[in-house]
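The values are calculated or read from the model by the stated rules, or taken from the named source; none is laboratory data. Note that the structure is a prediction, hence the values are computed from the model and not measured. Note: ideal-geometry Cβ built from the backbone for every residue, glycine included; neighbour counts use all protein chains shown.
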Amino acid sequence: MPTASWQTQHVATHVYRFDRVSSTQDEARRLIEQGQANGALLVAAEQTHGRGRSTHTWHSPRGNLYLSFVLRPDLPPIAWSQVTMITALALQAAIVSTVQLLVQLKWPNDALVRNRKVAGILAEIVDAYLMVGVGVNVNADLSDALSQATTLRAEIGRPLDMAILLRRFVEQLDEYYGQLLQGERFTRAWSAQLVTLGRVVRVRMGAQVVEGVAEQVDDSGALLVREASGAITVCHAGEVTLVP
């Protein structure tokens with residue numbers, strides 16, 4: 001059953017809270033199968049099989065923020081990627097307003113503090129629904145294997161009230177989504193926050209590896225990389241490494 005003391009107009013019309021799940025994306029998929037998904041926000045205290053893009057896992061102990069929201073956007077299919085953009089921008093704004101840290105975004109779906117990953121976003125399409133999962137490293141200790149990551153607690157030196165962060169994120173996201181439905185596009189705002197642009201990058205897309213200067217992103221969220229030959233490669237997804 002949905003439980004919450006607050007809802008928003010679009011992205012949290014009904015809120016589900018869980019103590020322990022395999023992943024909030026799995027629970028979101030179940031809601032889609034039941035026909036109860038549009039506008040759902042799902043929040044879990046712990047995930048046993050949290051996941052990122054491709055086959056990556058997301059370390060999900062208690063003390064961090066794990067959520068998914070489900071929408072059926074009344075938008076052209078090419079504009080659905082804008083939802084991922086506004087998710088990143090809303091998350092950045094929520095963290096900055098809560099803990100006053102410099103948060104930067106890395107293509108395609110990471111949030112960084114001092115060049116270390118503090119949050120990730122996973123967007124998946126199921127039937128005619130868009131499921132967006134968000135994981136934020138807030139208060140939990142990180143394993144030694146996650147040396148390239150950080151937590152908000154580690155950065156500010158004290159535990160953080162996750163309820164405040166969650167509410168600020170959802171309310172900002174809801175505002176952006178309303179603007180998106182009214183025709184506003186966020187490509188320029190998102191690209192302005194990407195540390196990837198203007199840098200030499202190496203993008204791994206399955207067996208293909210592209211290296212060059214990340215010049216810009218288009219409205220679909222794809223990264224345009226100019227290789228040494230001058231050719232432009234359009235990268236719709238992939239693992240990005242910033243080349244020193």
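Brief remarks on what is shown
- Candidate set from region 1-58 (those that are among the β-branched types (Val, Ile, Thr) and touching a Gly at 6+ places or on another chain (Cβ under 8 Å)); member that is modelled with the highest pLDDT: Thr24
- Filtered residue count, region 109-142, keeping only those that are outside any strand (DSSP E or B) and touching a strand residue (DSSP E or B) at 6+ places or on another chain (Cβ under 7 Å): 4
- Which listed residue, of Val217, Val170, is in contact (Cβ under 8 Å) with a residue 12 or more places away in the chain and more than 16 Å from the chain's Cα centre (by Cα): Val217
- Count - residues of region 200-214 that are within 23 Å of the chain's Cα centre (by Cα) and crowded, with 17+ Cβ neighbours inside 10 Å: 3
- Condition check for Gln82: under 30 Å from Leu142 (Cβ atoms), within 19 Å of the chain's Cα centre (by Cα) and at pLDDT 90 or above: no
- Filter result (part of a loop (DSSP other than H, G, I, E, B), more than 23 Å from Asn64 (Cα to Cα) and touching a strand residue (DSSP E or B) at 6+ places or on another chain (Cβ under 9 Å)) within region 14-37: Gln36, Ala37
- Of the criteria (1) touching a Gly at 6+ places or on another chain (Cβ under 9 Å); (2) touching a residue at least 24 places away in the same chain (Cβ under 8 Å); (3) under 30 Å from Pro73 (Cα atoms), which one Val210 fails: (3)
- Scope region 180-199; condition without any contact (Cβ under 8 Å) to a residue 40 or more places away in the chain, loosely packed, with under 15 Cβ neighbours inside 10 Å and of a type outside the set (A, V, I, L, M); matching residues: Gln182, Gly183, Glu184, Arg188, Gly198
- Being of a type outside the set (Asp, Glu) and in contact with a Ser or Thr (Cβ under 9 Å, 6 or more places away or on another chain) holds for only one residue in Gly63, Gly120, and it is Gly63.
- Unique residue being assigned to a loop (DSSP other than H, G, I, E, B), more than 24 Å from Val113 (Cα to Cα) and of a type outside the set (Asp, Glu) when the list is Gly221, Gly198, Gly230: Gly230
- Residue within region 145-160 that is more than 25 Å from Trp6 (Cα to Cα), among the acidic types (Asp, Glu) and assigned to a loop (DSSP other than H, G, I, E, B) present: no
- Within region 38-47, the only residue that satisfies the criterion of being assigned to a loop (DSSP other than H, G, I, E, B) and in contact (Cβ under 8 Å) with a residue 60 or more places away in the chain is Asn38.
- When region 233-244 is filtered for residues that are closer than 24 Å to Ala79 by Cα and outside any strand (DSSP E or B), the ones remaining, listed by number, are His236, Ala237, Gly238.
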